[in-house]
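Enquirer: Please find one structure pasted underneath; my questions will follow.
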Amino acid sequence: MSENRVIKVNGREVEVASDLTLLQACEAAGEEIPRFCYHERLSVAGNCRMCLIEVKGGPPKPVASCAQNVRDLRPGPEGAPPELFTNTPMVKKAREGVMEFLLINHPLDCPICDQGGECDLQDQAVAYGRDGSRYEENKRAVEEKHMGPLIKTIMTRCIQCTRCVRFATEIAGVDDLGLVNRGEDAEITTYLEKTVESELTGNLIDVCPVGALTSKPYAFNARPWELRKTETIDAMDAVGSNIRVDARGREVLRILPVVHEDVNEEWIADKSRFIWDGLRRQRLDKSYIRKDGTLQAASWDEALSLAGEKLKSTAKDRVAAIVGDLAPAEAVKALKDMMTGLGVANLDCRQDGAKIGAAENGTVDRRSYLFNTGIAGLENADAILLVGANPRREAPMINARIRKTWMRQLDLKIGVIGEQADLSYEYDYLGAGPETLSALASGKGEFFDALKQARRPAIIIGMGALTRRDGAAILAETAKLAKAVGAVTDGWNGFNVLHTAAARVGALDLGFLPQAGGRDFESILAGCEAREIDVVYNLGADEFDPKRLGGAFVIYQGHHGDVGARHADIILPGAAYTEQSGVYANTEGRAQMGARALFPPGDAREDWAILRALSAHAGKTLPYDDLFALRQAMIEDAPALGRLDQLHEHETPFDLTQVGAAGDLEPAPFVSAVSDYYLTNSVARASKTMAECSAAMSGAAKLAAE
């Protein structure tokens with residue numbers, strides 16, 4: 001713990017921590033300090049000199065406030081507090097001089113620059129700029145750089161603050177960017193004109209204080225003051241990143257991060273940021289009914305009447321319902337209530353076949369399928385084991401958090417059982433499959449000792465291990481290992497399940513699983529093939545082979561014309577995650593409320609409203625007429641979904657012996673559940689930008705292999 005010191009800022013005494021920089025201390029005192037190179041989450045570079053202040057008793061020149069700490073200040077005469085000044089004539093003249101130098105080579109691009117209106121250089125030039133320049137030589141120009149399909153570069157605007165280099169190196173963990181040459185020839189480059197190979201490249205746009213790095217897909221689309229801004233929750237993975245959706249009219253034009261220290265800090269992954277063009281392509285905007293082998297447009301009344309009749313007239317053991325990865329918890333609750341009201345027991349939300357959430361006695365401890373350490377809690381771990389998980393592809397923000405922990409703890413031990421991949425940090429590769437896990441659970445190997453000796457070990461099991469036929473046995477073996485190394489103690493739960501689907505935890509909380517005597521997802525598909533299931537209600541599930549539903553009448557409710565819609569007999573157009581208010585529980589079980597940024601296109605409606613209307617046609621009208629009443633019923637079923645933005649603290653001990661099920665382990669190695677990070681769902685597959693990223697990254701991987 002750092003001690004506090006009393007200092008004076010512009011004559012006012014404040015008490016601050018001694019390890020703060022002078023810049024942070026001044027801001028704690030309420031003074032605004034201009035800066036370009038300084039960023040709270042990056043190392044200090046001290047390049048731009050814009051943050052100059054005056055230190056009384058110090059050298060007779062301005063001091064870069066970002067590069068000196070409070071502990072370095074000398075006290076005044078007779079022990080008086082050190083004094084800092086941010087508004088003296090010396091400081092004003094120094095900052096104006098720095099601004100003049102920065103603008104010597106900067107082009108007059110403001111009218112055509114996408115950073116206009118959000119540019120730090122623009123803002124600070126107003127405060128500290130001169131009305132003319134004393135520089136008469138030619139301005140220098142810098143060649144543009146290729147950084148891939150996401151980043152547009154106009155490097156003549158670059159002021160060499162090196163924020164992008166530090167972000168790429170420290171946060172993203174890639175060494176693709178650097179500053180070459182010196183003096184007037186200095187420039188930021190990707191060295192070999194290659195794509196920046198990271199899932200976090202979009203954050204380079206945010207950290208750039210000028211218009212040198214901007215969004216290529218968003219180029220020349222809009223000005224910031226034209227956009228309607230809505231804070232909501234991302235559904236592209238199970239992290240639950242906080243985002244801001246900027247829309248104009250009926251279109252989303254960009255997505256930006258919102259600060260949430262416990263989830264995504266101030267970053268978001270590229271898929272979350274650049275998915276927006278997929279939200280308007282290949283959309284389902286009207287109802288369809290298959291007639292004579294082809295899908296034909298129909299009215300809502302026709303589609304709902306036919307769907308309701310099918311559900312009413314079919315034997316309940318021959319009806320099934322499945323839920324996809326993007327559905328809000330309200331829609332899952334409405335579908336479950338409608339189906340159980342009809343007497344249907346064949347329900348499942350695990351379209352990947354993950355062996356989690358179910359138990360023979362019917363009661364499941366929620367902690368058996370959660371990321372119990374918490375995303376921010378990973379920073380306290382002193383040993384980490386990954387089992388069948390590739391967090392860089394499956395949850396880039398969690399991978400960034402692991403890297404942050406690794407950067408701060410020089411002695412942090414990380415082990416991997418599964419695919420050998422570049423995770424952006426060093427790790428011990430222990431083996432490829434269940435055999436290695438069993439040996440570790442039996443107390444063999446050096447890494448077992450590392451986990452055993454750690455005070456806060458964290459074990460992360462991914463969908464690559466849980467979606468196999470022996471997934472329940474692997475889960476039990478992982479729980480056995482967690483118990484053996486003491487991963488669960490008072491105040492620390494190091495047993496973690498890494499989900500890949502935004503809707504999964506909420507659906508598991510609501511018990512959207514096979515009811516008594518019901519079929520699971522694989523059995524539903526097998527039943528369709530054997531003509532034992534006649535009707536399937538598909539709520540947005542696209543990540544499986546829908547041809548296996550061929551023996552049944554399929555009612556598809558979703559927002560994109562993806563594979564699920566192509567194999568449907570009735571299509572009911574729903575809303576995407578940006579077009580409806582809904583609760584999502586992330587992988588750590590944190591319930592968060594997503595907000596509607598715009599209305600769904602055409603005749604499409606919110607998911608819960610479609611199910612409420614259909615229930616009346618099916619003869620089992622749901623007992624709620626508005627979203628508030630539905631949420632009340634949902635929270636009654638799953639209280640955790642009502643505790644918004646909180647991690648539930650359980651009072652009862654976590655019994656690891658009840659996690660998973662006994663069974664034989666298969667020898668096949670673990671394979672990540674995500675083969676292509678950019679194309680994991682229907683929205684991503686509709687996105688031109690994601691297709692370009694997938695092609696660029698696969699090309700880069702091929703080049704690296706050669």
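The values are calculated or read from the model by the stated rules, or taken from the named source; none is laboratory data. All figures in this text were calculated on a predicted structure; none of them were measured in a lab. Virtual Cβ from ideal backbone geometry, glycine too; neighbours counted across all protein chains shown. Only protein heavy atoms, including side chains, enter the accessible area calculation; ligands, DNA and RNA are left aside. Shrake-Rupley method; radii C 1.70, N 1.55, O 1.52, S 1.80 Å.
Enquirer: Evaluate the relative contact order of the range 549-701 (contact order divided by residue number), counting alpha-carbon pairs under 8 angstrom at least 6 apart; express in whole percent.
Expert: Working: 152 pairs, mean separation 25.2, N = 153.
In percent, rounded to a whole number, it is 16.
Enquirer: Next up: Describe numerically, in nm with one decimal, the distance between label points set 7 Å from Cα along Cα→Cβ at Glu261 and at Glu32.
Expert: Label at Glu261, label at Glu32, 2.3 nm between them.
Enquirer: Calculate one ³J(HN,Hα) per residue across the range 602-616 by plugging θ = phi - 60° into the Karplus curve 6.51 cos²θ - 1.76 cosθ + 1.60, and present them in order as whole Hz with x for glycine and proline.
Expert: x, 8, 4, 9, 5, 4, 5, 5, 4, 5, 5, 5, 5, 4, 5
Enquirer: Say R0 is 30 Å: what FRET efficiency, to the nearest 0.05, do Arg248 and Val180 get from their beta-carbon distance?
Expert: Details: r = 39 Å, r/R0 = 1.31.
Taking R0 as 30 Å, the efficiency between Arg248 and Val180 is 0.15.
Enquirer: Once the piece of chain linking Ala127 and Arg531 is laid out straight, how much longer is it, given 0.36 nm per residue of separation minus the C-alpha distance between them? Provide the component values of the computation, followed by the final result.
Expert: On the way: separation 404, 0.36 × 404 = 145.44 nm, distance 7.38 nm.
Taking 0.36 nm per residue and subtracting the Cα distance, the gain is 138.1 nm.
Enquirer: With Cβ to Cβ distances under 10 Å as the rule, what net charge do the other residues near Thr587 carry (K, R +1; D, E -1)? Present the calculation step by step, with values, prior to reporting the outcome.
Expert: Working: positive: Arg504, Arg590; negative: Asp237, Glu394, Glu588.
For residues surrounding Thr587, the net value is -1.
Enquirer: Based on the Cβ-Cβ distance from Ser299 to Thr340, what FRET efficiency comes out when R0 is 22 Å, to the nearest 0.05?
Expert: Calculated transfer efficiency: 0.15.
Enquirer: Counting DSSP beta bridges with both partners in the chain, what percentage is antiparallel, nearest 5?
Expert: Numbers: 45 of 82 bridges.
In the chain, DSSP labels about 55 percent of beta bridges as antiparallel.
Enquirer: Can I ask one more? Step through the residues of the range 182-198 one at a time and calculate ³J(HN,Hα) from phi using the Karplus curve (6.51 cos²θ - 1.76 cosθ + 1.60, θ = phi - 60°), rounding each to whole Hz and writing x for Gly and Pro.
Expert: So the J values, rounded to whole Hz, are 9, x, 5, 8, 5, 7, 7, 8, 9, 6, 10, 6, 10, 4, 6, 8, 8.
Enquirer: Would you tally the net charge around Gly561, using a Cβ to Cβ cut-off of less than 13 Å, leaving Gly561 out, and scoring K and R as +1, D and E as -1? The partial results should precede the final answer.
Expert: Details: positive: Arg280, Arg281, Arg283, Lys286, Arg566, Arg685; negative: Asp285, Asp542, Asp562.
That works out to +3.
Enquirer: Residues of the chain: accessible area per residue at 1.4 Å, in Å²? If you can, show how the numbers build up before the last one.
Expert: Numbers: 29160 Å² over 706 residues.
That works out to 41 Å² per residue.
Enquirer: Hey, what did the chain get for relative contact order, percent, Cα under 8 Å, at least 6 apart? Write out the running numbers ahead of the final one.
Expert: On the way: 1500 pairs, mean separation 104.9, N = 706.
Relative contact order for the chain comes out at 15 percent.
Enquirer: I would also like to ask the following. Cα axis of helix 329-341 to longest principal axis of the chain: angle in degrees, 0 to 90, nearest 10?
Expert: Long axis of 329-341 versus the principal axis of the chain: about 10 degrees.
Enquirer: Using Rg and Dmax of the Cα atoms in Å as the read-out, say which of (1) 28.3, 105; (2) 28.0, 95; (3) 30.7, 113 was calculated from these coordinates.
Expert: (2)
Enquirer: So which aspartates and glutamates can Lys93 reach, going by Cα to Cα under 17 Å and dropping same-chain residues fewer than 8 places off?
Expert: Candidates past the 8-residue exclusion: Glu32, Glu54, Asp131.
Enquirer: At a threshold of 8 angstrom on Cα-Cα distance, excluding pairs fewer than six apart, so keeping six or more, what relative contact order does the range 1-129 reach in percent? Mind dumping the intermediate values first?
Expert: On the way: 180 pairs, mean separation 31.8, N = 129.
Averaging sequence separation for qualifying contacts and normalising by length gives 25 percent for the range 1-129.
Enquirer: A further question on this structure: On a full-extension model of 0.36 nm per residue, what is the gain between Asp603 and Glu118, subtracting their alpha-carbon distance, rounded to one decimal in nm? Walk me through the numbers before you get to the answer.
Expert: Working: separation 485, 0.36 × 485 = 174.60 nm, distance 3.62 nm.
So the extension gain works out to 171.0 nm.
Enquirer: Give me the number: length gained by fully extending Asn10 to Gln658, i.e. 0.36 nm times residue separation minus the C-alpha to C-alpha distance, one decimal in nm. All intermediate terms of the calculation are to be shown ahead of the outcome.
Expert: Details: separation 648, 0.36 × 648 = 233.28 nm, distance 6.19 nm.
Between Asn10 and Gln658, full extension yields an extra 227.1 nm.
Enquirer: Still on this model: Using helices alone, what [θ] at 222 nm do you get for the chain, with -39,500 (n - 2.57) per DSSP H run of 4 or more residues, divided over all residues and rounded to the nearest 500? List each step's numbers first, then the result.
Expert: On the way: 21 runs with 186 residues, N = 706.
Using -39500 (n - 2.57) per qualifying helix, the result is -7500 deg cm²/dmol.
Enquirer: For the chain, give the percent of accessible area contributed by carbon and sulfur heavy atoms, probe 1.4 Å, rounded to a whole number. Numbers along the way, then the final one.
Expert: Details: 14160 of 29160 Å².
Within the chain, the accessible surface is 49 percent carbon and sulfur.
Enquirer: Tell me which chymotrypsin sites (Phe, Trp or Tyr not before Pro) from the range 119-173 have a DSSP coil assignment and no more than 12 other beta carbons within 10 Å of their own.
Expert: Working: sites: Tyr128, Tyr135, Phe167; in loops: Tyr135.
Here the sparse-neighbourhood loop sites are Tyr135.
Enquirer: Here's another thing I want to ask about it. Could you state the number of Å between the C-alpha centres of the range 312-346 and the range 60-138?
Expert: If we compute the Cα centre of each part, the gap is 62 Å.
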